[in-house]
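Note sheet for the following structure.
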Amino acid sequence: KSAQSSLLNFFSKT
Amino acid sequence: MFEAKLNEASVFKKIVESVKDGFKNCNFDCSEEGISMESMDDAHIALVSMKLGVEAFSSYRCDRSISLGLNIESLLKVLRTANNNDVLTMRAEDDGDLLTLVFEDSSNPDRISEYNLKLLNIDQEHMSIPEQEYTATVTLPSSEYQRIIRDLTQLGDSITIDAAKDGVRFTAEGDIGSGSVSLKANTNVGEDEKSIDIAVEEPVALGFNSKYLTQTCKAAPLAPRVSLNMCKRIPIFISYKLQAGHFSFFLAPQISE
C-alpha cells in the first residue's frame, strides 16, 4: 500500500 | 513601468492553458531578467515553475520588479480572444492595479484589441527547492509522453514510472485490469526530436497520481521534448525546455508504507 507524499516534505517555505 | 512584447501570443496562451486545471491564482513575477511564475496546488502535490527570459520577447522593459497577481481563468478568457499569431503586448504601471493586454493581428494591422485585467493581491508561498542530483533522466518526445499518460490513465488512478538503463516502463493498474508501455532507449540518427534518451545511474521506480501526471503533459504543445528527472523517494522534476526559458513541474510521489 502506498501513500501520497507532500511537496512540503521535501521543500521548505521561504 | 513594465512592458513586454511577445511576437506570438500563443506561447503565453499555451503556458496559461497548461496550468488552468490545478492552479487558480498565480503571481507572475516580472524583473529585468524576464517573467517567472511559481505556484503550488492546494494539496501540495504539484508545483509548477515557469521562466520566460528576456530573449523570449521582441521587446522588454521592466523598470522595477513587480508581481502581477492574476486569476488564471480570467487571464485565459482574455488570451483566448487572440489569434495564435497575434502579437501580444503586456503592460503594467509600477503601482497600478491593472494588467493591460494588447493584441495586434499580424495579418490585419488595422485591428487592435485591448483588455485590462484587474490584478489580485495573492499571498503566495515561495518554496525553497533544494539542488538535486537526479540518478535517472529520461528525455522523450512530449507527444509520446502525453499519449502514454492519456492511455494509461484510463486503467488506473496511479501510474508507476520505472527507469532502468535499457529503457523506461510506465505501468497502471486498476479495477478493470492493468497496462504498461515500455520504451527502449534509442537514437534516431537525424531525427533527434524523436529519440528516447535514457541516462540512468541507478534504476528508479516512482508512482504518481495519474490526475497530476495528466496535468504535467498538458504542456506538450509548448515544446517537442520533455525530460523526466527522477531519484528514489523524492519529487520527480518534469521539464519542458522553451526557446528562452523553461516550463517545469515537481510532483510528489506516492511512497510505499
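Things to note:
- Relative contact order (percent, whole number), chain B, Cα cutoff 8 Å, 6+ residue spacing: 20 percent
- Label-point gap, in nm, between B:Asp151 and B:Ser195 - each point 7 angstrom along Cα→Cβ: 2.3 nm
- Which of B:Leu183, B:Leu68 has the fewest Cβ neighbours within 10 Å, and the rest in rising order: B:Leu183, B:Leu68
- Label point distance in nm, B:Asn83-B:Asp105, each placed 7 Å from Cα along Cα→Cβ: 0.6 nm
- Global geometry of segment B:60-148, whether rounded, prolate or oblate, following the gyration tensor of its Cα atoms and the 1.5 cut on a/c: oblate
- Size of charge dipole - the protein assembly as shown - debye, nearest 20, with Cβ of Lys, Arg +1 and Asp, Glu -1, no other charges: 600 debye
- In range of the label at B:Arg169: residues from segment B:217-253 whose backbone nitrogen is under 20 Å from the point 7 Å along Cα→Cβ: B:228-233
- FRET efficiency for the pair B:Glu114 and B:Ser31, taken as 1/(1 + (r/R0)^6) with r the Cβ-Cβ distance and R0 = 30 Å, rounds to 0.75.
- From least to most packed, judged by other beta carbons within 10 angstrom and beginning with the fewest, B:His246, B:His126 follow the order B:His126, B:His246.
- In degrees, nearest ten, helix B:142-153 long axis to first principal axis of chain B (Cα): 60 degrees
- Charge dipole (debye, nearest 20) of segment B:68-184; +1 at Cβ of Lys and Arg, -1 at Cβ of Asp and Glu: 560 debye
- Of B:Lys118/B:Lys211; B:Lys165/B:Lys218; B:Lys51/B:Lys211; B:Lys13/B:Lys165; B:Lys51/B:Lys118, those spanning more than 29 Å from alpha-carbon to alpha-carbon: B:Lys118/B:Lys211; B:Lys13/B:Lys165
- Of A:Lys13/B:Lys20; A:Lys13/B:Lys77; B:Lys24/B:Lys232, pairs whose Cα-Cα distance is over 26 Å: A:Lys13/B:Lys77; B:Lys24/B:Lys232
- Order of B:Met1, B:Met50 - criterion: other Cβ atoms within 10 Å of each residue's Cβ, fewest first: B:Met1, B:Met50
- Intensity falloff of chain B expressed as log10 I(q)/I(0), Debye formula with alpha-carbon point scatterers, at q = 0.16 Å⁻¹: -1.18
Read-outs: derived from the displayed coordinates by stated rules, not from any lab. Being a predicted model, the structure only gives us computed values, none of them experimental. A quick note on method: Cβ atoms are made from the backbone with ideal geometry, for glycine too, and the neighbour counts reach across all protein chains shown.
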